[in-house]
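Have a look at the structure below before the remarks.
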Amino acid sequence: MPNPGSQGSLSFNKNIVIDTKEPLVVSVGSSTENGSYRNGAIIKIVVDFDENVYVSGSPSILLETGSNKGSAIYSSGSATSTLVFDYAVQPEHNTNDLDYAGNNALKLNGGSIKDIVAIDANLLLPIDNTLGARKDIRIDNIPPQIMQSSIVNNGNIPVLNNLQIILHRI
């Protein structure tokens, strides 16, 4: 057997790298435009890792959506450094600034997120570079309400005439 580093040895012929580093989440954002969304809308949550990761199963992200927490379910991105999760807005969800529910909101649900050498990803989400800090996405399922009304012309509306009502959302 050749001496290490000499011609014919493994170290002479191969560039071997020992990888013991776990993949880390560097930021969470969204490819969905800033704005207000209602029941049935799909919002894309994007999770960026510091290296390519491989996903099995259905990981999810718990979201702050009012008294009933929402979940974004993994949809694509395995074998890349960017994973995409889909959040379907539900009728009971409301928030002025969509964000994840704490830095431990990424859940495996029996699945896995690993790098190419099968090291489990660190699932802690960043305190900075959060969804809420990077995007301005509002979930608004509160129906509009009439806050004030008044009758013009002293209430004298002839029978069979049309009455026009204009509502302004506040």
**Prompt:** If you go through region 58-74 one residue at a time, do you hit one that is at pLDDT below 95, farther than 21 Å from Thr32 by Cα and more than 12 Å from the chain's Cα centre (by Cα)?
**Reply:** yes
**Message:** Checking the structure you have, find out if any residue of region 56-72 is over 14 Å from Ile137 (Cα atoms) and free of Cβ contacts under 8 Å to residues at least 12 places away in the same chain.
**Reply:** no
**Residue satisfying condition, being of a type in the set (A, V, I, L, M, F, W, C) and either closer than 22 Å to Ile42 by Cα or modelled with pLDDT of 95 or more (or both), within set Ile127, Ile113** = Ile113
**Asked** When both residues are 6+ apart or on different chains and their Cβ atoms are under 8 Å apart, which pairs have a first residue that lies in region 23-43 and is over 9 Å from Tyr87 (Cβ atoms) and without any contact (Cβ under 8 Å) to a residue 60 or more places away in the chain, and a second that is in a strand (DSSP E or B) and of a type in the set (A, V, I, L, M, F, W, C)?
**Response** Ser31/Val46; Ser31/Val84; Gly40/Ala88
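The values are calculated or read from the model by the stated rules, or taken from the named source; none is laboratory data. Keep in mind that what you see is a predicted model, and the values were worked out from it rather than measured. Counting neighbours? That spans all protein chains shown, and the Cβs are built from the backbone with ideal geometry, glycine included.
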